[in-house]
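Below is one structure, written out as structure tokens; comments come after it.
The values are calculated or read from the model by the stated rules, or taken from the named source; none is laboratory data. All figures in this text were calculated on a predicted structure; none of them were measured in a lab. Positions of Cβ are backbone-derived with ideal geometry, glycine not excepted, and every protein chain shown enters the neighbour counts. Just the protein is used for accessible areas: all its heavy atoms, side chains included, with ligands, DNA and RNA removed. Shrake-Rupley method; radii C 1.70, N 1.55, O 1.52, S 1.80 Å.
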Amino acid sequence: MALKDLNDRQAVLRALEEYDRLKRVPFLRTYGFGTADEYVLAHDGRYYDSKAIVGVAHLFQSGELLSNLAFKGGKKGAVRALKDMDFEVIPQRRGSFVLLWNPSLWHWDEQRRLAIQRRILAGGTGSEPWSTGSRKKDISKGDRIFLFLVGQQERGLVASGHAASNIYFDKQWAADHPEPAPHISVAWDKLLDPPEVLPWETIQRTVPGFPNRYQGGGARLDGLQTLTLNALWQEHANEVSLAALGDPARPEVAASYSYAIVKRRNHQQQFRNLLLGAYEPRCTVCGFDQIEILEAAHLIPDSQGGASSVENGRLMCPNHHRAHDAGLFHLQRDRPIWTNAETEFLAPARPL
Ligand SMILES: [Zn+2]
């Protein structure tokens, strides 16, 4: 029996049970799969390595384990087989990076930090250069960034964003480090206050393979770890932002937020994260690639039942997002078909 003959949903559910029972790393080791997998199976709020699940489901259906090698070039086949059995598969082509913030080594200017928080509260992102420590090349534009507060009583996830640049070398922040050091620009999309961190221990319990500590250059997380951490983080940030609504000490939150806006923005942000994990970080229509203001657009509007999924979503610049939602064009195989053909070509504005 070949990969394409896998069609028994029950066999897949059994493989998921086996995965839950053994836990991720022992499961992969037992059946000879690696962790790098750019398609993640989502089921009941949990995430699974799709290839390994397909390989083991194949074993349960036919008695023959599909080994890692049997997938060579057949990744799409595994995805299609799962989708045909009504499972949700999420492409997560980019991993993410954990960076560290130790306030006793680097003082994040409070005014700048609060300015970023305000821009995020207003529904945008705030960008800032960040040192990548000993990491000199592997972070590239579009990668998800998680920032961990360390060296404090509170230890845990304090901010998230996306790399808005590749790594570049710039003068070090500290006067005693005159040598140029590796940096990236990060477009932050969430930034909590230190007492509000998502505790390290909670993450360790939930994200498979998340260690007790990271050093210097932080760490890389794979697609499954990224999706799991994103979901946990989103839930935590929801709680924090909703709690801040009723907090008289945070009048700026109450002023710019209603409960409904918080919910909608958080949902929109989750959708944007999903698309940034799956697509090149640029506008589908014009290629504009400033991550700071890229948005997640629904092809079929959510008001018409369109899902917030990778299939139904594309990244767009704010102009093309508005034009799309106003019905000025629709996408056909990712090419814009303009309702009024004359709007297609834009000339720079000149004085009349
Ligand atoms: Zn555009």
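Annotations for the structure displayed:
- Percent of beta bridges antiparallel (DSSP, the chain, rounded to nearest 5): 90 percent
- Local net charge near residue 168, Cβ-Cβ under 13 Å (Lys/Arg +1, Asp/Glu -1): +4
- Comparing mean-square fluctuations of 109, 138, 189 from a GNM of the chain with C-alpha springs under 10 Å, the top value falls on 109.
- Classification of the stretch 279-343 by its C-alpha gyration tensor yields an oblate form. The axis ratio a/c (a ≥ b ≥ c) is 1.5 or more, and b/c is at least a/b.
- Contour minus Cα-Cα distance for residue 333 and residue 260 (0.36 nm per residue): 22.9 nm
- With all protein chains modelled, accessible area of residue 167 [1.4 Å, Å²]: 30 Å²
- Charge dipole (Cα centre; +1 on Lys/Arg Cβ, -1 on Asp/Glu Cβ; no other charges) of the chain amounts to roughly 540 debye.
- Remark: the stretch 198-205, residue by residue, has Karplus-estimated 3J(HN,Hα) of 7, x, 3, 4, 4, 5, 4, 6 Hz, where x stands for each Gly or Pro and the curve is 6.51 cos²θ - 1.76 cosθ + 1.60 at θ = phi - 60°.
- Max mean-square fluctuation residue, GNM over the chain, Cα-Cα springs under 10 Å, options 246, 305, 124: 305
- Additional length obtainable on full extension of the chain from residue 205 to residue 319, 0.36 nm per residue less Cα span: 36.9 nm
- Overall shape: rounded for the stretch 3-91, with the ratio a/c of the largest to smallest alpha carbon gyration tensor axis below 1.5.
- Over 26 Å (Cα to Cα) - which of 137/171; 141/263; 83/137; 51/137; 23/83 fall in this group: 141/263; 83/137; 51/137
- Per residue value of the accessible surface for the chain (all protein chains in place, 1.4 Å probe), Å²: 52 Å²
- Rg and Dmax of the stretch 85-199, Cα atoms only, in Å: 15.3, 59
- Area accessible to solvent at residue 213, 1.4 Å probe radius, in Å²: 140 Å²
- Computed over the stretch 3-91: relative contact order in percent, which uses C-alpha pairs under 8 Å that are six or more apart: 38 percent
- Magnitude of the charge dipole for the stretch 96-258, about its Cα centre and with charges confined to Cβ atoms of Lys, Arg (+1) and Asp, Glu (-1), is about 380 debye.
- Among 165, 120, 212 - extreme Cα towards positive end, dipole of the stretch 96-258, charges at beta-carbon: 165
- Accessible surface of the stretch 96-258, 1.4 Å probe: 53 percent of it comes from carbon and sulfur atoms.
- Rounded, prolate or oblate (a/c below 1.5 giving rounded, otherwise prolate when a/b exceeds b/c) for the chain by Cα gyration tensor: oblate
- Applying both filters, DSSP loop and at most 16 other Cβ atoms within 10 Å, to the trypsin sites (Lys or Arg not before Pro) of the stretch 37-72 gives 72.
- Taking every C-alpha pair closer than 8 Å and separated by at least 6 residues, the mean separation divided by the residue count of the chain gives a relative contact order of 14 percent.
- Largest-first ordering by accessible area, 1.4 Å probe, given options 282, 135: 282, 135
- If you run the Gaussian network model on the chain, springs between alpha carbon atoms under 10 Å, then out of 233, 130, 338 the most flexible one is 338.
- Here each label is just a point 7 Å from Cα along the line to Cβ, and for residue 25 and residue 3 those points are 2.7 nm apart.
- Sequence-distant residues sharing a close amide H with residue 100 (under 5 Å, placed H): 148
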